[in-house]
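Engineer: Quick one: the structure is below, questions incoming.
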Amino acid sequence: MKFQELLAGEQINWNRVKLVRHNLTNKVVAAHYERGYLEQYQTVQLPTRFQNCDMLISFLGTEGTNGVFQGCYRVGQFRPYRRAEFPEDFPETGKEGVDVVWELTKMDLLADMKDRIVIDWGKGTLNWCQRGTIEKELLEIRPVVSEIEFTSYEKVVLSFETLRNIVLHAAKHKIWEQRLSAVAGVYLITDTKTGRHYVGSASGEQGGIWGRWSEYARTKHGGNKRLKELIAADSDYCSNFQYSILEVFPIKRDRHEVLEYEQLYKRKLGSVQFGLNDN
């Protein structure tokens, strides 16, 4: 099934539609997304970008060639870009005298499908802005995102997709951010494909477990050597990772004490000799 078929009854002139895909692997896109400025970011374009266009349909590239639906927008006029019109923490994007700000008004079309519709953008991922007549394969329609229940630290067992969902949609999962940022601790990453383990730790200096796990959600590997090697060989390998908590400590616990417990669990689980720790 094609994505365009979902709007078959709306009498849309697809010749006057643009499809855009903002890729989270792009550092500029990621910076805007993490600060909640994705919609404002996409308004800053060249004056020719949305010419002869009535509607914009926006997607977010999260993995591979996928596109997660963000919304439909009515395209209006544009005005000159002025940096002073944007918030102080808005990452530098446009150039005054070159770029413009397009008037993009969010529409009700598929409003309940945000973050649920997933398409295959196709091989031309560098071509982030395409004509609406280019059909996109519908990969899935995700169930309604609801609050993922947090019960206790010892019961935390998360897949990579669930962890990424929690981190990237933190506003919907406040309890997780509050609880995981309140403690330091030792955690376990299990490669469910091979059974190998990685033991890591997080201190208050790193923002607690929340701060450390947020790095995994954004980078897939958290900077760990052997995890990076797996991701380098297969960018989607992170789908095999499972995250759990071995022990928690007060957020102000001395980092050296936390590291001692990390080493203890590495010995218990043999994660250096037989797992994914390299030291």
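Every number in this text was worked out from the coordinates using simple rules, so none of it is lab data. Given the structure is predicted, the values throughout are model-derived calculations rather than measurements. No Cβ is skipped: glycine too gets one built from the backbone with ideal geometry, and neighbour counts run over all protein chains shown.
Engineer: How big is the dipole moment of region 197-279 about its Cα centre under a simple scheme where the beta carbon of each Lys and Arg is +1, that of each Asp and Glu is -1, and everything else is neutral? Debye, nearest 20, please.
Structural biologist: Here the size comes out at about 20 debye.
Engineer: A further question follows. Cα to Cα, under 24 Å, and not fewer than 8 places away if on the same chain: which lysines meet these conditions relative to K193?
Structural biologist: The qualifying lysines are K155, K220, K225, K228, K266, K268.
Engineer: Give me the aspartates and glutamates in straight-line cross-link reach of K136: C-alpha distance below 13 Å, same-chain residues under 8 apart excluded.
Structural biologist: Partners found: E5, D120.
Engineer: Sum -39500 (n - 2.57) across every DSSP H segment of at least 4 residues in the chain, then divide by the residue count to get the 222 nm mean residue ellipticity, nearest 500.
Structural biologist: Helices in the chain give a 222 nm mean residue ellipticity of -7000 deg cm²/dmol.
Engineer: Averaged over all directions, how much area does the convex hull of the C-alpha atoms of region 183-279 cover when projected, in nm²?
Structural biologist: 5.5 nm²
Engineer: Under 27 Å Cα to Cα from K95, which lysines show up? Leave out anything in the same chain fewer than 8 places away.
Structural biologist: K18, K27, K106
Engineer: Here's a follow-up. Could you point to the residue in S244, Y41, Q130 farthest towards the positive end of the chain's charge dipole, with +1 and -1 charges on the Cβ of Lys/Arg and Asp/Glu respectively?
Structural biologist: Q130
Engineer: Arranged from highest to lowest average of other beta-carbon atoms within 10 Å per residue, in what order do the peptides 212-218, 84-90, 153-159 appear?
Structural biologist: 212-218, 153-159, 84-90
Engineer: Quick check on the exposure proxy: order R267, R226, R21 from fewest to most C-beta atoms within 10 angstrom.
Structural biologist: R267, R226, R21
Engineer: Something else: For the chain, build the charge dipole from Cβ charges (+1 Lys, Arg; -1 Asp, Glu) around the Cα centre, then report which of G195, F90, N224 sits farthest towards its positive end.
Structural biologist: N224
Engineer: Under the Kirkwood approximation applied to all pairs of distinct alpha-carbon atoms, what is the hydrodynamic radius of the chain in Å?
Structural biologist: One over the average 1/r among Cα pairs gives 20.9 Å for the chain.
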